[in-house]
Amino acid sequence: MEGRLANSWRLTVNDKNFIKTALLSEIRIDGRKPFEYRKISIKFGREDGSSEVQLGQTRVMGMVTAQLVQPYRDRPKEGILSIFTEFSPMADPSFEPGRPGELAVELGRIIDRGLRESRAVDTESLCILASKFVWAIRIDLHILDNGGNLVDAANIAALAALLTFRRPECSLGGEDGQEVIVHPPEIREPLPLTVHHLPIAISFGFFSNESILVIDPTHNEEAVMGGRMTTTVNANGDICAIQKSGGEGVPQRVIMQCLQLATSKAASITKQIKDAVEVVNTERALRKVKRHPTSTGVDVREKQN
Amino acid sequence: MENKQSSSPASFVDSTVVPGDVVLDLSSMTNQTIKLGGGLRQDCDAISATKAGTLRFSKPNKYWIESSQKRYVPCVEDTILGIVVDSKADNFLIDIKGPAMGFLPVLAFEGGTRRNIPKFEVGTLLYLRVVKANFGMNPELSCTDASGKAAEFGPLKDGYMFETSTGLLRKLLSSPACPVLEALGKKLSFEIAVGLNGRVWVNAASPDTIVVVANAIMNSECLSGAQQIIMVDHLLKNIQ
């Protein structure tokens, strides 16, 4: 009993009251305005399809892998896209190891819905041999540090990882043309996924009865706020998904306001993700060009020794 | 490692050590009494480090390892900020950011008797003193100073509490006063309570002062004295 208490994260009465009173005069504890987003930084790992996103204090790592599997019976020509979340107790003492909690399931579902229902990733191009072999894309999202608004950070991490992911090229061969040959990356350049658009999740927090609205709530604000709404929109203003949780009732006018805010934020976040991906892609291309001179350079040095 | 053991112990003082480093060799310093602080252990004649940090020495004979960490290890006579988690018949259970809950006996208040037990709702922030911190036991806390007076201890009203690392705390409590606090204090009036367990409480008349002070302190961790003053000036310009 005591052990459990020690693990659960708690907020003091002072902080709860302060967050509410400060918000009445449009001040947030980290010095932001109510409609200001935290700074996003996107980093990529050495491997293709890995990303690390930092949103204020929140840190999420995304990892995309692919595997050849048999497709579902009812969709023989479509690849499979699945999302797995990992909430480490290192990120927040309230996350329990093992069984995914309610929050982990919700987070996975929101991102999954945004990506899948809006058909952001072209699953038909992942088919190699109808009803035999398709690529199954697996997105793993690891929460490294919980500073609030995990959904948005995890969504950006998933998109960044998807955009840098490369799958090996495949061709059909054999006598009957039914055999799948997977070409290793040294022989044929791996292919990127077809991503039509980027559904960006933007979260809002609602505070009880004073009709206060904030964007991108932090960890502390999440503990105080009455309700949250996550809208997934893309840069064109298409709404891909909306998730409303918590007890707070929200009038239609406020929802429309949220959607407008979300659309403008989504445009800037999309740009940021694309810029980051482009930088990493140019680096990747340059690495390839430079391969020869560096290898000869090493040879020379070894001879001298 | 071999040459490290033979080197003179003074060379390790104020340098970074990692767990396993043998920092002192007792065989070479006979007839001398030394006191070991946190992060050091003795194996026969060798004193080795058990955590990463900087080895400090204070005259005449104290050695300890200073590091910056998020967790708090209770120590007797530390003043800390605790959060009430639960109240039992004899004790309040207090979260002190440590490995175990702190126990605050209901009588550990100035003039505390069975009749006037204070009522604290869950989540109340208290300024406390650690009385006992034995291994394997819940640390015992008190709301009085050593002479039984309330002093500054007790519940903190309003304001905002945030968490920092122990390294930053040491800077905040150091004398002469930390540059960030001095720079802020010249322009703004605020009240601050620093707990050795990595919690800082700030109160001021207006919410924006609290926000500015809290953020300035949180940002100052990795800045030098001059940088801290520049940062504070910059922040103050923004709010005026």
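Kindly state, to the nearest 0.05, the FRET efficiency for A:Lys77 paired with A:Val105, given R0 = 45 Å and r defined as their beta-carbon distance. With R0 = 45 Å, the Cβ-Cβ based efficiency is 0.95. Segment A:Gln260..A:Glu179, full-extension length gain: 24.1 nm, with 0.36 nm per residue of separation and the alpha-carbon distance subtracted.
Buried on complex formation within segment B:186-215 (loss of at least 50 square angstrom of accessible surface versus the isolated chain, 1.4 Å probe, ligands and nucleic acids ignored): B:Pro207, B:Val211. Using a simple spin-label model with pseudo-atoms 7 Å out from Cα toward Cβ, B:Thr16 and B:Leu236 lie 3.4 nm apart.
Under a model in which nothing but the beta-carbon of Lys, Arg (+1) and Asp, Glu (-1) is charged, segment B:124-240 shows a dipole of about 140 debye around its Cα centre. Just list whichever of A:Lys244/A:Lys271; A:Lys39/B:Lys70; A:Lys33/B:Lys186; A:Lys33/A:Lys244; B:Lys97/B:Lys132; A:Lys16/B:Lys171 have alpha carbons separated by over 18 Å in the model shown. Exceeds cut-off: A:Lys244/A:Lys271; A:Lys39/B:Lys70; A:Lys33/B:Lys186; A:Lys33/A:Lys244; A:Lys16/B:Lys171. Here the accessible area of chain A is 52 percent carbon and sulfur, with a 1.4 angstrom probe and all protein chains present. Annotation: amide H-H contacts under 5 Å for A:Asp145 (H modelled 1.01 Å from N, sequence separation of 5 or more, or interchain): A:Arg59. The B-A contact accounts for approximately 1700 Å² of buried accessible area, totalled over both chains at a 1.4 Å probe radius. For q values of 0.26 Å⁻¹, compute log₁₀ I(q)/I(0) with the Debye formula on a Cα-only model of segment B:79-155, without solvent. Calculated log10 I(q)/I(0) at the listed q: -1.36.
The alpha-carbon of A:Lys288 sits under 23 angstrom from the alpha-carbons of these lysines, leaving out residues fewer than 8 places away in its chain: A:Lys43, A:Lys274. By the gyration tensor of its Cα atoms, with a ≥ b ≥ c the square roots of the eigenvalues, what is the shape of segment A:2-304: rounded for a/c under 1.5, prolate for a/b over b/c, or oblate? Because a/c hits 1.5 or more and a/b exceeds b/c, segment A:2-304 counts as prolate.
State the antiparallel share, in %, of DSSP beta bridges confined to the protein assembly as shown, rounding to the nearest 5. Please report the intermediate quantities before stating the final value.
Numbers: 90 of 101 bridges.
So the antiparallel bridges in the protein assembly as shown amount to around 90 percent.
PRE reach from B:Glu191 (point 7 Å along Cα→Cβ): which of segment B:158-173 fall under 12 Å by backbone N? Of the residues in segment B:158-173, B:158-160 have backbone N under 12 Å from the label point off B:Glu191.
Between B:Cys44 and B:Glu77, what FRET efficiency follows from the Cβ-Cβ distance if R0 is 30 Å, with the result rounded to 0.05? Kindly include the intermediate steps, with their values, before the conclusion.
Working: r = 30 Å, r/R0 = 1.02.
FRET efficiency, B:Cys44 to B:Glu77: 0.50.
Its Kirkwood hydrodynamic radius, worked out from the mean inverse distance over all distinct Cα pairs, puts chain B at 20.2 Å. For B:Cys222, A:Cys170, the ranking by accessible surface with the largest value first comes to B:Cys222, A:Cys170, using a 1.4 Å probe. Can you list the chymotrypsin sites (Phe, Trp or Tyr not before Pro) in segment B:124-226 that are in a DSSP coil and have 14 or fewer other beta carbons within 10 angstrom? Of the chymotrypsin sites (Phe, Trp or Tyr not before Pro), the ones in loops of segment B:124-226 whose Cβ has at most 14 other Cβ atoms within 10 Å are B:Phe135.
Full extension from A:Lys33 to A:Asn281: what is 0.36 nm times the residue separation minus their Cα-Cα distance, to one decimal in nm? Intermediate values should be presented prior to the final figure.
Values: separation 248, 0.36 × 248 = 89.28 nm, distance 3.45 nm.
Computed gain between A:Lys33 and A:Asn281 is 85.8 nm.
Per residue, how much accessible area does the protein assembly as shown show when a 1.4 Å probe rolls over the protein heavy atoms, in square angstrom?
Details: 28600 Å² over 545 residues.
Counting only protein heavy atoms, the per-residue value for the protein assembly as shown is 52 Å².
A probe of 1.4 angstrom, applied to the heavy atoms of all protein chains, finds B:Val73 with accessible area near 100 square angstrom.
Here the ratio of the Cα radius of gyration of the protein assembly as shown to 2.2 N^0.38 Å is 1.18. Computed from the C-beta positions of A:Ile187 and A:Phe84 and an R0 of 25 Å, the FRET efficiency is 0.25 to the nearest 0.05.
The values are calculated or read from the model by the stated rules, or taken from the named source; none is laboratory data. Predicted, not measured: the structure shown is a model, and the values here were computed from it. Backbone-built Cβ (ideal geometry, glycine too); neighbour counts: all protein chains shown. Heavy atoms of the whole protein, side chains included, go into the accessibility calculation; ligands, DNA and RNA do not. Shrake-Rupley method; radii C 1.70, N 1.55, O 1.52, S 1.80 Å.
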